[in-house]
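Data block below; observations after.
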Amino acid sequence: MNASIGLLAQTLGTFVQIYLILMFIRILLSWFPNINWYDPPFSVLSQLTDPYLNIFRSIIPPLGGIDFSPIIAIFALQFVAQILTGLLNGLVPY
């Protein structure tokens, strides 16, 4: 049981790291206006990251033409992941 909780915490941490990398790539690529988000490599990235980012885009409007919602989305994801990982690691006695 303890090993499975530790494995769950490690898997959650790995998933969050991979998702953060995908979000950083998506954010960096958004600076290039020539990218067609319907092309296969970009459409997959968009389909994976946009549902999460759209939650924050609907709450936080762009200020001066700059979209700050990805920054808040990244902080929120890291915050929740740290809390969940900490809770799961707290359940595993050393």
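What follows is calculated from the coordinates using simple rules that are stated; it is not laboratory data. Everything quoted here is computed from the prediction, not taken from an experiment.
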Problem set entry | Options (i) 32, 30, 27; (ii) 33, 25, 20; (iii) 51, 30, 17 - which one matches Cα extents along the principal axes in Å as calculated here | (iii)
Exercise. How high is the relative contact order of the chain, in percent, with contacts defined as C-alpha pairs under 8 Å that are six or more residues apart?
Worked result: 46
Exercise. So how tilted is helix 69-90 from the main axis of the chain? Cα-based, degrees 0 to 90, rounded to 10.
Worked result: 10
